[in-house]
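A.B. asks: There's a structure below that I have some questions on.
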Amino acid sequence: MPGVRYTTSVIGFSLLSYVQSSYNAFFFVSLQPWDTRHTRAEQFEAIKARLNRELSRLPQGTAFDFSPPPIPGVGTSGGVTMMLEDRGGHDNAYLATQVNRFMAAALKQPEIASVNSSFLPAVPQEYVHVDRAQALKQGVPLADIYNTLQTFMGGLFVNYFNDFGRQWQTYVEAAGQYRANVSDASQYFVRNAAGQMVPVTAFARFEPRTGPEFVTHYDEYPSAQLNVNAAPGYSSMQAMAALQRVFRQTMPSTMGLGYIGMSFQEQKAAQGVPPAAIFAFALLFVFLILAALYGSWSLPFSVLLSTPVAVFGAFGLLWLRRAVLLAIEPAYMVTLENDVFSQIGMVMLIGLAAKNAILIVEFAKSAYDQGTPLLEAALEGARLRLRPILMTSFAFILGCVPLWMATGAGAVSRQIMGTTVIGGMLAASLLGIFLIPPLFYAIEKLSGAKRPPAALAAPASGEGA
């Protein structure tokens, strides 16, 4: 597969649930260095999509790929990690039924691309039934029977020992060819009270069954871990909202829903200050600073009312770039969307767009206070400040081009921020500056602003007379 460097496999361990299990395995897939992967087919999203398509065709088991968590150490995988809890004290079959029901309903939601579970409810097992009466009659302690089976068929830890400068573990178990089948138990013997060796099969029989190889407990309840990937164009919070909606519609009252890893941290962060409040505080502080600077409660509106143009330009360019990339190759760069990086750029744009308006409004206000008519002051401010605005704005835009063209690790986050800032500044510089003079004129007219006494005393013409 292009773009893949090598893989390392681990058998008998689940990275998602952190349990040792004979029915689990995972592979670390390493990618080639960034500077050797130039085509879109060699990027992470394209490789991930191809892997999922190929792995879904395997008839021998359930296989899927998942990315590491965005923050190392917070969870074991990307996407949404949730726990479906049985809070009613039912058996494992009940939990398995509800998990299958929930997964089938979740896959019908447009926000969900895939749902996988580490819960294995029907693993082939051998149940050992020990005849207690027969064991007591032959003078064999029950603990010796279980220890013998565990030692030969599963392994028993003995001790540690040091050698070659390292610490080693000692386990006792039967050789592989003598513990592959349950019929090998006839070769295991246990000593009775009379010192005689009695075969284990004299009082133990094996029954084939199916059941969960392990049961995860979360919040002290039996639970099943689900790993969910959001569909292209949807965020993890939208995927979690869809999962909660499916849970309310399909699950009985005895079931519970929880999150772990990065999803748990996202839920905790969502309980804090919402993004809308952050934008509101940013606008409020800019308004108060401008009001203190100009000594007017109305004048800051002529500055702040030009910022929506920058926000429109940011969203417009972000949507346009994403649409073009999706049209070129649908499986590539589907993460160019409104996320926390674009929101950081939006907060930055409030100050950057206000800067352009301040350059015009400050000069127009000064000219108006000196006796220039209001309309002429607005036009004069725009005419004199146009060149400095364009110079500073385009210098900033050119400085953000490396963010637009970012490559390597974390490139998508820088591309989103660069696209947001460049789109907003282009709109503010090419469109917004033409709205500032009429906004200044209209707001000063509506507010009935008065000149200082010195300006009124000076001879003036027009509306400034």
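Read-outs: derived from the displayed coordinates by stated rules, not from any lab. Everything quoted here is computed from the prediction, not taken from an experiment. Every residue, glycine as well, gets a Cβ built from its backbone with ideal geometry; the counts of neighbours run over all protein chains shown.
A.B. asks: Using the Kirkwood radius over C-alpha pairs as Rh, can you work out the diffusion coefficient of region 275-464 via Stokes-Einstein at 25 °C, viscosity 0.890 mPa s, in µm² per second? Don't skip to the answer; put the middle values down first.
C.D. replies: Details: Rh = 17.9 Å.
D, rounded to a whole number, is 137 µm²/s.
A.B. asks: State, as an integer percentage, the relative contact order of the chain based on alpha-carbon contacts under 8 Å between residues 6 or more apart. Numbers along the way, then the final one.
C.D. replies: Details: 650 pairs, mean separation 75.0, N = 465.
Taking the mean separation of contacting Cα pairs over the length of the chain, I get 16 percent.
A.B. asks: Further question: Using unit Cβ charges (K, R positive; D, E negative) and no other charged atoms, how large, in debye to the nearest 20, is the dipole of the chain about its Cα centre?
C.D. replies: Charge dipole, the chain, about its Cα centre: 680 debye, nearest 20.
A.B. asks: Taking θ as phi - 60°, what are the ³J(HN,Hα) couplings along region 34-44 by the Karplus curve (6.51, -1.76, 1.60), each to the nearest whole Hz, with x for Gly and Pro?
C.D. replies: Once θ is set to phi - 60°, the couplings for region 34-44 become 4, 6, 9, 10, 9, 8, 5, 5, 9, 8, 4 Hz.
A.B. asks: Filter the GluC sites (Glu not before Pro) in region 93-189 down to the DSSP loop ones having no more than 14 other Cβ atoms within 10 Å, then list what survives.
C.D. replies: For GluC sites (Glu not before Pro) across region 93-189 that sit outside H, G, I, E and B with at most 14 neighbouring Cβ atoms in 10 Å, the list reads Glu173.
A.B. asks: Compute the normalised compactness of the chain: alpha-carbon radius of gyration over 2.2 N^0.38 Å, N being the residue count. Write out the running numbers ahead of the final one.
C.D. replies: Working: Rg = 34.4 Å, N = 465, 2.2 N^0.38 = 22.7 Å.
Rg over 2.2 N^0.38 Å, computed on Cα atoms: 1.52.
A.B. asks: Quick one: angle between helix 433-447 and the longest Cα principal axis of the chain, in degrees between 0 and 90, rounded to 10, please.
C.D. replies: 70 degrees
A.B. asks: Out of Ala202, Val158, Val123, whose Cα points farthest toward the positive end of the dipole of region 123-211 (charges: +1 Lys, Arg; -1 Asp, Glu; placed on Cβ)?
C.D. replies: Projecting each Cα onto the dipole axis, the largest value belongs to Ala202.
A.B. asks: Along the charge dipole of the chain, Cβ charges K/R +1 and D/E -1, which of Ser14, Ala104, Met417 sits furthest on the positive end?
C.D. replies: Met417
A.B. asks: Here's another thing I want to ask about it. How large is the dipole of region 58-126 about the Cα centre if only Lys and Arg carry +1 and Asp and Glu carry -1, each at its Cβ, rounded to the nearest 20 debye?
C.D. replies: 180 debye
A.B. asks: Report, in degrees rounded to the nearest 10, the 0 to 90 angle that the Cα long axis of helix 340-369 makes with the longest principal axis of the chain.
C.D. replies: Approximately 10 degrees, to the nearest 10.
A.B. asks: Next up: Given a cut-off of under 8 Å on Cα pairs at least six residues apart, what relative contact order in percent is computed for region 275-464?
C.D. replies: So the answer I get is 34 percent.
A.B. asks: Bin by bin, in steps of 10 Å, what percent of the Cα pairs in region 1-65 do you find, going until the bin that has the longest distance?
C.D. replies: Per 10 Å bin, starting at 0, the Cα pair percentages come out as 20, 43, 30, 8.
A.B. asks: Let me ask something else about it. Based on the Cβ-Cβ distance from Ala277 to Asn162, what FRET efficiency comes out when R0 is 51 Å, to the nearest 0.05?
C.D. replies: Here the calculated transfer efficiency is 0.30.
A.B. asks: Could I ask something else about it? Can you give me the Kirkwood hydrodynamic radius for region 81-121, using every pair of distinct Cα atoms, in Å to one decimal?
C.D. replies: 11.2 Å
A.B. asks: Relative to the longest principal Cα axis of the chain, at what angle does helix 261-270 sit, 0 to 90 degrees, rounded to 10?
C.D. replies: Tilt of helix 261-270: around 40 degrees.
A.B. asks: In deg cm²/dmol, rounded to 500, what helix-only [θ] at 222 nm does the chain give when every DSSP H run of at least 4 residues adds -39500 (n - 2.57) and the total is split over its residues?
C.D. replies: Roughly -14500 deg cm²/dmol at 222 nm, from the helical runs in the chain.
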